[in-house]
């Protein structure tokens, strides 16, 4: 009887944890940086009045107003990085995401997964996972964000996302993986 009383709370806790996204699970963890922009904020950005004479500002505004969810999780903790990768693998399977591209360079291994949109070059969901790469010379590739060394970056974008323009957003937010996203776009256009 006592054994069952212990198992029931453990089972309920595990069900609760599995229902949470990785972003919710680590929202208050001091070992991660979380960037989360709500759909309401994107809607507000879309309603901003910018000069109609500035085509770049209008293009940027059009791009951000088409995004309904934007989350980034950055960690310097190896165990959290492993959990992030596990969550990505679950999402790829559960959401039936396709691998868009995988890039391996000196700094990191980067993989992009997408759920295709209705239009060409548009996706409904973009999931990017960046994993620090060990460098034989100094054992670390020194991937950094705001001066802090990081092990992994997870980015989730949802909405009607134009793959040809999204690297501008990651550049302006100075997010890790922005350079790799540019490389992915260049390779896709070849």
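The values are calculated or read from the model by the stated rules, or taken from the named source; none is laboratory data. Please read all numbers here as calculations on a predicted model, not as lab measurements. Cβ sites come from the backbone with ideal geometry, for glycine too, and all protein chains shown count toward neighbours.
Residues that are modelled with pLDDT under 90, under 26 Å from residue 29 (Cα atoms), in contact with a strand residue (DSSP E or B) (Cβ under 7 Å, 6 or more places away or on another chain) and surrounded by 12 or more Cβ atoms within 10 Å (Cβ to Cβ): does the range 78-100 have at least one? There is no residue in the range 78-100 that is modelled with pLDDT under 90, under 26 Å from residue 29 (Cα atoms), in contact with a strand residue (DSSP E or B) (Cβ under 7 Å, 6 or more places away or on another chain) and surrounded by 12 or more Cβ atoms within 10 Å (Cβ to Cβ).
Collect the residues in the range 107-116 that are surrounded by fewer than 17 Cβ atoms within 10 Å (Cβ to Cβ) and touching a residue at least 24 places away in the same chain (Cβ under 8 Å), keeping them in residue-number order. The one that is surrounded by fewer than 17 Cβ atoms within 10 Å (Cβ to Cβ) and touching a residue at least 24 places away in the same chain (Cβ under 8 Å): 109.
Residue 72: touching a strand residue (DSSP E or B) at 6+ places or on another chain (Cβ under 9 Å), outside any loop (DSSP other than H, G, I, E, B), exposed (fewer than 15 other Cβ atoms within 10 Å of the Cβ) and at pLDDT 65 or above, yes or no? It would help to see each step written out before you state the result.
Working: touching a strand residue (DSSP E or B) at 6+ places or on another chain (Cβ under 9 Å): yes; outside any loop (DSSP other than H, G, I, E, B): yes; exposed (fewer than 15 other Cβ atoms within 10 Å of the Cβ): no; at pLDDT 65 or above: yes.
When the stated conditions are applied, residue 72 does not pass them.
Restricting attention to the range 93-126, the residues being under 20 Å from residue 161 (Cβ atoms) and either assigned to a loop (DSSP other than H, G, I, E, B) or more than 13 Å from the chain's Cα centre (by Cα) (or both) number 20.
Among the conditions (1) modelled with pLDDT of 80 or more; (2) over 20 Å from residue 73 (Cβ atoms), the only one that residue 129 does not satisfy is (2). Within the range 139-150, the presence of a residue that is surrounded by 13 or more Cβ atoms within 10 Å (Cβ to Cβ) and at pLDDT 85 or above is excluded.
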